[in-house]
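Report on the structure given below.
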Amino acid sequence: MLGGITDKLREFAHRQLEGGSETDRPFVKRVREVANTVNDLLGKPIHGGAESATGIRVVPAPAVPKREQAPVIVYFDGKDNRTKTKVEELLRARDIVFRVLDVTNDEAERSWVTTAAKSTEFPIVVVAGTPVGGFHELTQLDVAGGLKPLVFGS
């Protein structure tokens, strides 16, 4: 007998849920009203937005979109691994994605970067096609607070 009543209730609930528009589903409307009443009685633990204990609605600050960074390339000649490691550590510490380009056997690329940077000492860091310099210049730029704005924009 209990199984028959349960089946009838399930069929009734299913018919109500399958109704066309909002007005065709009085069962869903009732459930929503009961749920809202229970929610009110319990002090509104279920709510759509963040509310403080005083009931004042707290509007979250809009998310700041993450800026896409400029391409960063570390030109390396295969000789000074110690300085290259320092440059890599500094860039990683600032969450800057970079690419290491070995120019040991690429004379054209090597010539371009040494001419543009006005330096023959490797590694040379280039941000968005503009040479920054070696480790010393990169460190100075970082300490002055110019590295992140240069890479990520203002």
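The values are calculated or read from the model by the stated rules, or taken from the named source; none is laboratory data. The model shown is predicted, which means the values in this text are computed figures rather than measured ones. Positions of Cβ are backbone-derived with ideal geometry, glycine not excepted, and every protein chain shown enters the neighbour counts. In case anyone asks, the SASA skips ligands and DNA or RNA and just uses the protein heavy atoms, side chains included. Shrake-Rupley method; radii C 1.70, N 1.55, O 1.52, S 1.80 Å.
Details
- Restricting attention to segment 105-118, the residues that are hydrophobic (A, V, I, L, M, F, W, C) and open to solvent by 30 Å² or more (accessible area, probe 1.4 Å) add up to 3.
- Pair list, Cβ < 7 Å and 6+ apart or interchain, from segment 133-150 residues that are touching a residue at least 12 places away in the same chain (Cβ under 8 Å) and in a loop (DSSP other than H, G, I, E, B) to residues that are hydrophobic (A, V, I, L, M, F, W, C) and surrounded by 18 or more Cβ atoms within 10 Å (Cβ to Cβ): Gly134/Ile124
Listed here are the residues, each with its yes/no results for (1) open to solvent by less than 60 Å² (accessible area, probe 1.4 Å); (2) at pLDDT 90 or above.
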{"residue": "Pro71", "(1), (2)": "no, yes"}
{"residue": "Lys86", "(1), (2)": "no, yes"}
{"residue": "Leu91", "(1), (2)": "yes, yes"}
{"residue": "Thr120", "(1), (2)": "no, no"}
{"residue": "Leu138", "(1), (2)": "yes, yes"}
{"residue": "Asp142", "(1), (2)": "yes, yes"}
{"residue": "Gly145", "(1), (2)": "yes, yes"}
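- Summed over segment 89-117, residues that are in contact (Cβ under 8 Å) with a residue 12 or more places away in the chain and either closer than 17 Å to Leu150 by Cα or in a loop (DSSP other than H, G, I, E, B) (or both) total 10.
- Scanning segment 122-132 for residues that are part of a strand (DSSP E or B) and surrounded by 14 or more Cβ atoms within 10 Å (Cβ to Cβ) yields Ile124, Val125, Val126, Val127, Pro131, Val132.
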